[in-house]
Amino acid sequence: MAQPCVLLKHGEIAIKGRNRGTFERMLLGNLERAVAEVDPGAAVERRAGVSVLIGTVALDELVRRASEVIGFNLVQPALRVSKDPEDAASSAVRLLRERYPDAATRPRRFGVKPRRRDKNFRLTALELAAHIGQRVRDELGWTVDLDQPEVEITAEIDWREIFLSVDRLRGQGGLPVGASGRALVLLSGGYDSPVAAYRMMRRGLRCDFVHFTGAPFTGPSSTYKAYALMRSLDRFQGGSRLHVIPIGKAQRTLATSGAGQLQIVAQRRLIVRVGDALARRLGAQALVTGDSLGQVASQTLSNMATTEQATELPLLRPLLAWDKDEIMAEARRIGTYEVSELPDEDCCSLILPPSVATRTTDAQLSKVEERAGFDDMVEQVLSGVQLLDLGEQVRTGCAAPTG
Ligand code: ATP
Ligand code: MG
């Protein structure tokens, strides 16, 4: 009667007090949607602080997909067995035989780590552990070593069943996507902004994306990268959408309006201002960038201050205090590194002033913007927006607002 399943331990929401119910529903909804992509027949059952995923496809596949869902701390491939100590013991032996095909010829040092959520169960946690341990010793010839086991069998006595498992994989952790609202991520083709997006998803923000290109003066390569990055990040949230907006002409206008050393910051203010307008249309409550303090000249404190004056929305910079090597390591871990490393033609390199101002003010920038006819420019730029979603359709205009 043993049934393979995946046990998922709820992370931070387990301590969320009054909002816990709502957050748990979001978490399970996100899990169901993610898993349906690989197994439409899968079912999710809810227990206290734990979700149980029962599928119809290979367990590995379910485990892989479930470990990408934000909000679970631990992901355990498991066997679900009846609340009968005999059944639990024989299933544990079977589990070990399957997990270690040489179980009978190469004995291991093992331990059983019990947990009892059902306090009325007729055996104590330790009694059950001893019972399972005895059977493993008898049938496989393994030796008990509670201090330094090579293999640790977890036995969890729940209300309706016992769960047995030997592998405990780390989940993404964090808060379920959607629990904190919605944000618009300014997504370049670089390493930083995809990592910034991931970190904000991990704090519960559902993310829409906008990418600015130097078109008509640059080719489509940066858009391909942004699209591939969105696709990769979509594993963590589902339903992602990318808005692509050409700003090549506006960049030229800023240059011919005498931006000079202010060109880069003027472009930053342009994309933030356009991002602000787009975010409002989409119902997003914040902007997200991959800025890291001092990483490049445009990221001095002064320039960041001047940039964020272009929006009244919160401008979130989750990587502000991260070093480049920390960002790269995270990009590798979440799987965006390979796309970011591809060459592209970035709009920011379209017009590079001989030197970049590291100290700027709102007044200086406002002067340039006035000469360039900023408000009309923003409207013009916004009218060029194209929407790419994962159905790979290209549409003109932005997505419908989502609550
Ligand atoms: P990244 O690695 O994300 O490109 P970066 O270190 O290259 O960042 P900048 O080029 O100064 O830094 O850009 C700072 C932030 O501005 C980016 O992290 C991103 O959020 C946003 N940004 C820059 N260029 C674009 C673009 N073409 N489209 C959308 N957002 C952009
Ligand atoms: Mg960049």
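Using R0 = 25 Å, the C-beta based FRET efficiency linking Glu341 and Glu45 works out to 0.05. For Val38, Val6, the sequence from fewest to most other C-beta atoms within 10 Å is Val38, Val6.
For segment 219-234, 3J(HN,Hα) computed residue by residue from phi via the Karplus equation (6.51, -1.76, 1.60; θ = phi - 60°) reads x, x, 4, 5, 5, 4, 5, 4, 5, 5, 5, 4, 4, 5, 5, 4 Hz, glycine and proline entered as x. Summarised as an ellipsoid, the chain has semi-axes of 53, 20, 18 Å, derived from the eigenvalues of the Cα gyration tensor scaled by 5 and square-rooted, with the largest first. Averaging 1/r across all pairs of distinct Cα atoms in segment 24-91 and inverting the result yields a Kirkwood radius of 12.9 Å. Annotation: peptides 308-319, 184-195, ranked by per-residue average of other Cβ atoms within 10 Å with the highest first, follow the order 184-195, 308-319. Averaging the sequence gap over all C-alpha pairs within less than 8 Å and six or more residues apart, then dividing by the number of residues, gives the chain a relative contact order of 16 percent. Taking amide H as placed 1.01 Å from N in the peptide plane, the amide H of Lys83 sits under 5 Å from that of Ile162, each at least 5 places away or on another chain.
Principal-axis analysis of the Cα atoms of the chain puts helix 263-282 at an angle of about 60° to the longest axis. List the residues whose amide H sits under 5 Å from the amide H of Glu150, counting only those 5 or more places along or on another chain, with H placed 1.01 Å from N in the peptide plane. Under 5 Å from the amide H of Glu150 lie the amide H atoms of Arg109, Phe110, each far enough along the sequence or on another chain. Positive-end ranking of Gly17, Pro40, Ser90 along the dipole of segment 3-170, with charges on Cβ about the Cα centre, is headed by Gly17. Measuring between their Cα centroids, segment 187-231 and segment 247-301 lie 14 Å from each other.
Per residue, the average separation of C-alpha pairs within less than 8 Å and at least 6 apart gives segment 181-396 a relative contact order of 32 percent. Going from the residue with the fewest nearby Cβ atoms within 10 Å to the one with the most, Arg199, Arg269 rank Arg199, Arg269. Dipole magnitude for the chain: computed about the Cα centre from +1 point charges on Lys and Arg Cβ and -1 point charges on Asp and Glu Cβ, it is near 860 debye. Ranked by how many other Cβ atoms sit within 10 Å of their own Cβ, fewest first, the residues Arg160, Arg241 fall in the order Arg160, Arg241. Principal semi-axes of the equivalent ellipsoid, √(5λ) from the alpha carbon gyration tensor of segment 181-396, are 25, 19, 17 Å from largest down. What pairs from Lys9/Lys119; Lys16/Lys119; Lys225/Lys324; Lys9/Lys83; Lys225/Lys367 go past 28 Å between their alpha carbons? With Cα atoms farther than 28 Å apart: Lys225/Lys367. Packing, as the average of other Cβ atoms within 10 Å across residues, places the peptides 279-285, 373-379 in the order 279-285, 373-379, highest first.
Judged by the mean number of other Cβ atoms found within 10 Å, the most tightly packed of the peptides 129-141, 95-107 leads the ranking 129-141, 95-107.
Relative contact order for segment 215-303: 19 percent, from Cα pairs under 8 Å spaced at least 6 residues apart, divided by residue count.
Using only Cα atoms and rounding to the nearest 10 degrees, what angle (0 to 90) does helix 20-38 make with the longest principal axis of the chain? Once rounded, one gets 90 degrees. Projecting the Cα atoms of Ala331, Gly214, Gln267 onto the charge dipole of segment 181-396 (Cβ charges, centred on the Cα centre) puts Ala331 farthest toward the positive pole.
Computed from the coordinates by the stated procedures, all read-outs in this text should not be read as laboratory data. Bear in mind the structure is a predicted one, so any value in this text is a computation, not a measurement. Please note: Cβ atoms are built from the backbone with ideal geometry, for glycine as well, and neighbour counts cover all protein chains shown.
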